[in-house]
Amino acid sequence: MSKTSWLVPLVLLAGTTAVAAPPAVVQELFDRGNAAYDARRFAEAIQHYETLIHKHDVSNGVLFYNLGNAYFRNGDLGRAVLNYRRALRLLPRDRNVRQNLAVVLKYHEDADTARSESGDLWQALVSVRRRYTLNELLGAWVSIYLILAAALLLRLWLGQVGGVRVVFPYVLWIAVAGLVVVGLGVAGTFAEQRLRQEAVIVAPAAPIRTGPGNDYPAPFSMSAGTVVRLLEVYNRQESGETYAKIELPNGFEGWTPLEWVGLVDWKAEQRLSARYVPANAPPITAGD
Amino acid sequence: MRTASAVRLPVLLVVLLAGTVRAETTITATPNATTVQVGDQLLIEIEVQADVDHASDPDLGPLELFELVNAVRTFQGTQIQSIFGAGQKVTITRRYQVVLIARKEGEQLFNRITVNVGGRTITAQPFRVTVLQQVGGAQAPSQQQSASEQLRQRLGRDEYFIDVQLEKNEAYVREGVLVRFMLYSIYGFSRWDGNAIGPNFFPGVQQVDIELPQNRQPQKQRVGDKTYQVYELRRAVLFPIRSGTITAEPQNVKVLIEYYVRGFFAMRQQDWVDVPTNRASLHVKPLPEEGKPEQFAGTVGQYKIKAEVDNAAPAVGGGFLLRVTVWGEGNVNAVEPPTLPDLPWLKRSRDYSKFDSQTRDNKVWGSAVFEYALSPLEQGEKTIPPIALAFFNPATQRYEVEYSQPITLQVQAPQELSLDGKVVLHGADYEPTVIDINAIDFRHIASALIGDVREGRPLYLGFFFWFLLVAPLLLLGASLVILREQQRMVTDEAYARRRSASRVVRRTLRQAEQAKNGGDARTFYGAVDRALVGFLRDHLHLETLGMTREQLHQALVSRLPEPGLADETIAFLETVDRFRFAGEQTTTRDEVMTQAEQLIRRWERVR
């Protein structure tokens, strides 16, 4: 795992708690999942990892990474992409996660659509922003803000001191520029993670329909691993079907069954599952 | 002019309901025209919105001038959940499309289009539609005339007309009926408006066109005293979707005809002309109830069924495709998926369907492929029983049931699901992708949990985050205030003296207080005098040094204190002077102190 989180001290300064050792039951299940993976019993490994997420409310980047690996080795490309994406939210600079996600996407049947996200300068900037978590960016922003405030206080109280008077303008403009740049990063990450609901197609070939139901035509289908955006959820009480309205990478919109879409924000997915999936149905993220 | 069929449908748009009504329940009805001619279609779009789970379908009320042709629900839903927004809203929205055909001249008031929701009847905004008599076009449907008769009446000639030829006049619902559109013309024919005889020529049918041979030659046919060249414009198979009478009203089709103007030289000319069609009707019978099998889902035609799997030895937890193919004659696009037997050892994850149709011998043939992605849950030898397909065969006029062959699977143990060092991806294609994991740079799992077990909450939800944001602002604000105060104290003497007046006078009064008990009178009254005069000097920024009492009085009055305060102050100072230099009564010191403090407090209010 990467240990290049140079912003962590700043985040800690801003109030995060110290890292605690995992509870014994969590560690035990995690180890059993790893053992099953090493024994090539990937379905069993998935079961252990999913239990940690759904029953013990564990949301850890390493766990999502291992789960993505297990899904891929079990032949489920869609859920592999989904869990790598989840891992990247928590470990955005982790090289292993990035590498395996890149490997998996090579086998994505709509790879052209997926790769269309990057390419220009804007996407390069977005890519840089995505290397940091929301808390890291917030910690950096607050740190720059405190530096700016300290500089202003020094200028007020010790403005007559020659060194302060000379250095202050540079500090001021650098800090203001930093505030704007990091602030934009915070806004972008917040919008991406909290306002836009990033989702992944998990069915091997999900038909994209023009309306929320099997009675609407499906002009095309999307393959597992396609990253989409969830717009709304529609429940038809007559048929019991729940459909998700999604926006595809090329801007098209369509409807597909909710259980064929996995939300990168796992907490939002748990809320959706609790609301729409019948009690006797298998969990949405269980390995199919 | 557009005309449409006069199908009388026993459609009663009324119905079941439940739930309660709130203020948001609305029904809107919008016609596509407010004036039509007899024989024209009128389309009404109806939208019902309610915040309850159930509502009836709308009722149009009495139709005096119109006949109901078709009414379909085009959109339905009973609950809309808006997530990630500002809460959720539960509503039902239903849209209907009602097709009417005008039968009589007059004015129709649509004021009773209603929907029943929760025991309440909600009425749509009324509107009127005027029906005019036909002008110049085709006759009213009740006056059935042949195309040539109409043409003769209108133009005085019958050089060309289109005969709509139905293979038969009676058929079952969803049974295929061949129709041919034949152009009769005494002139040559170049081309025609292909959109004029489109899928909507016959209302209430699904139409599958049959491709006509290229370079087909016209046939010669004698009708009455004329010899016509007969061209086939279009050939199609109609599949009626509901019972009743389907009628194609006379219409005009734009046709480009060729003819020669006789003269010294014969010149070829072309003209677009309106060619009328004749009226054609098809009586559609409902499917019989007698002998209807339990599995029947509405499929009509003659079909066979077969089932196969792509992997007869899947592993537990693995996947395989069950492909059910239905093929034969009929509208394959309308073939309903066969019902799979309920097998507890099988998990069904997704379905696909694919339809392929073609025409041959003036019939529609094709296949429908239904694929079910399945996953076995138990190990051992398992059997998928025969899958039934029930359909109505119009040729024999009875129901038939075809079965697929049973399929035996050898379900393997789950550990054999993954090949050693291989990953098998089942995508949308039939053939899975096999990846050699050792040939790619695929990183191994992590052996230990790093970091918090649970994702920390966002910093902006913590108190300390907002404290760090606000504290510097408060510090900066306080610094600015303090520095400004310091600056003013240095540069503004009057302000500085006024700010320090209260503090100085209290210190001086403390000296007087000490002198009050045991001090001599000169010391005590001197301290009181210094305190009050010094306060007035500092607070009012006066130069009291060397002032007489009269001058001091004038200065005090100029500051506009409350009435009498300046006089009281001067009198008090004179009293103090008297006690100070001429002796005093021992009981007066407390009163003097009290009076001095009161005067100071009163002067503090003066700016």
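The values are calculated or read from the model by the stated rules, or taken from the named source; none is laboratory data. Source: prediction; values computed, not measured. Note that each Cβ is placed from the backbone with ideal geometry, even for glycine, and that neighbours are counted across all protein chains shown.
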* Structure fact -> A:ALA149 fails exactly one of (1) among the small types (Gly, Ala, Ser); (2) free of Cβ contacts under 8 Å to residues at least 24 places away in the same chain; (3) crowded, with 19+ Cβ neighbours inside 10 Å, namely (3)
* To do: Considering each residue of the range B:569-607, count those that are in a loop (DSSP other than H, G, I, E, B) and more than 22 Å from B:HIS539 (Cβ to Cβ), and give that number.
  => 3
* To do: For the range B:115-124, name all the residues that are in contact (Cβ under 8 Å) with a residue 24 or more places away in the chain and either touching a strand residue (DSSP E or B) at 6+ places or on another chain (Cβ under 7 Å) or in a strand (DSSP E or B) (or both).
  => B:VAL115, B:ASN116, B:VAL117, B:ARG120, B:ILE122, B:THR123, B:ALA124
* What is the residue count in the range B:486-511 for residues that are modelled with pLDDT of 85 or more and in contact with a Ser or Thr (Cβ under 9 Å, 6 or more places away or on another chain)? -> 1
* Asked: If you go through the range B:416-427 one residue at a time, do you hit one that is surrounded by 12 or more Cβ atoms within 10 Å (Cβ to Cβ), over 43 Å from the mean Cα position of the chain (by Cα) and modelled with pLDDT of 85 or more?
  -> no
* Candidates A:LEU125, A:LEU138, A:LEU156 - the one that is within 9 Å of another protein chain (Cβ to nearest Cβ) and either loosely packed, with under 12 Cβ neighbours inside 10 Å or under 30 Å from B:GLU455 (Cβ atoms) (or both) -> A:LEU138
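For the condition part of a loop (DSSP other than H, G, I, E, B), more than 7 Å from chain A (Cβ to nearest Cβ) and at pLDDT 75 or above, what is the one hit in B:ARG443, B:ARG457?
Values: B:ARG443 fails: more than 7 Å from chain A (Cβ to nearest Cβ).
Result: B:ARG457 is the single residue among B:ARG443, B:ARG457 that is part of a loop (DSSP other than H, G, I, E, B), more than 7 Å from chain A (Cβ to nearest Cβ) and at pLDDT 75 or above.
Listed here are the residues, each with its yes/no results for (1) more than 10 Å from every other protein chain (Cβ to nearest Cβ); (2) touching a residue at least 24 places away in the same chain (Cβ under 8 Å); (3) over 24 Å from A:GLY68 (Cβ atoms).
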site	(1), (2), (3)
A:VAL176	yes, yes, yes
A:VAL181	yes, no, yes
A:VAL202	yes, yes, no
A:TYR216	no, yes, yes
* **Only listed residue being under 20 Å from B:ARG605 (Cα atoms) and either buried (at least 17 other Cβ atoms within 10 Å of the Cβ) or free of Cβ contacts under 8 Å to residues at least 40 places away in the same chain (or both), chosen from B:PHE524, B:PHE572, B:PHE579** => B:PHE572
* Asked: Going through the range A:75-93 one residue at a time, which ones are crowded, with 24+ Cβ neighbours inside 10 Å and either facing chain B (nearest Cβ under 8 Å) or assigned to a loop (DSSP other than H, G, I, E, B) (or both)?
  -> A:GLY75, A:ASP76, A:LEU77, A:LEU91
* Asked: Taking the range A:57-74 as the search range and keeping residues that are farther than 17 Å from B:GLY421 by Cα and more than 8 Å from every other protein chain (Cβ to nearest Cβ), which one is surrounded by the fewest Cβ atoms within 10 Å (Cβ to Cβ)?
  -> A:PHE64
* To do: Report whether or not A:TRP255 is at pLDDT 85 or above and within 23 Å of A:ASN74 (Cα to Cα).
  => no
* Test: B:GLU550 is exposed (fewer than 11 other Cβ atoms within 10 Å of the Cβ), over 25 Å from B:ARG510 (Cα atoms) and of a type outside the set (Lys, Arg) -> yes
* To do: Please enumerate the residues belonging to the range A:217-241 that are within 27 Å of B:LEU425 (Cβ to Cβ), hydroxyl-bearing (Ser, Thr, Tyr) and in a strand (DSSP E or B).
  => A:SER221, A:SER223
* Identify, by number, the condition in (1) at pLDDT 80 or above; (2) part of a strand (DSSP E or B) that B:SER375 doesn't meet. => (1)
* Structure fact -> Flagged pairs (Cβ under 8 angstrom, 6 or more apart or on separate chains; first in the range A:121-142, at negative phi; second of a type in the set (Asp, Glu) and surrounded by fewer than 16 Cβ atoms within 10 Å (Cβ to Cβ)) are A:GLN123/A:GLU117
* Asked: Considering the range B:464-489 alone, what residues qualify as being facing chain A (nearest Cβ under 8 Å) and closer than 17 Å to A:TYR145 by Cα?
  -> B:PHE464, B:PHE465, B:LEU468, B:LEU469, B:PRO472, B:LEU473, B:LEU475, B:LEU476
* Considering only residues that are away from every other protein chain (no Cβ under 14 Å) and among the polar types (S, T, N, Q), look in the range B:315-339 and name the one that is surrounded by the most Cβ atoms within 10 Å (Cβ to Cβ). => B:ASN331
* **Condition met for B:ASP342 (in a strand (DSSP E or B), of a type outside the set (A, V, I, L, M), surrounded by fewer than 16 Cβ atoms within 10 Å (Cβ to Cβ) and more than 11 Å from chain A (Cβ to nearest Cβ))** => no
* Asked: Within the range A:65-96, how many residues are of a type in the set (Gly, Ala, Ser) and more than 15 Å from B:GLY318 (Cα to Cα)?
  -> 4
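Results for (1) crowded, with 16+ Cβ neighbours inside 10 Å; (2) outside any strand (DSSP E or B); (3) charged (D, E, K, R), shown as yes or no for each residue.
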| site | (1), (2), (3) |
| --- | --- |
| B:VAL179 | yes, no, no |
| B:GLY198 | no, yes, no |
| B:VAL208 | yes, no, no |
| B:PRO213 | no, yes, no |
| B:GLN217 | no, yes, no |
| B:GLN221 | no, no, no |
| B:GLU232 | no, no, yes |
| B:ARG235 | yes, no, yes |
| B:PHE239 | yes, no, no |
* Asked: When you go through (1) more than 14 Å from every other protein chain (Cβ to nearest Cβ); (2) of a type in the set (A, V, I, L, M); (3) in contact (Cβ under 8 Å) with a residue 60 or more places away in the chain one by one for A:VAL161, which number turns out not to apply?
  -> (3)
* When the range B:475-510 is examined, which residues are found to be surrounded by 13 or more Cβ atoms within 10 Å (Cβ to Cβ), under 25 Å from A:LEU156 (Cα atoms) and hydrophobic (A, V, I, L, M, F, W, C)? -> B:LEU475, B:LEU476, B:LEU483, B:MET489, B:ALA496
* Quick one: in the range A:232-265, of everything that is surrounded by fewer than 18 Cβ atoms within 10 Å (Cβ to Cβ) and over 21 Å from B:ARG94 (Cβ atoms), which residue is farthest from the other protein chains (Cβ to nearest Cβ)? => A:GLY251
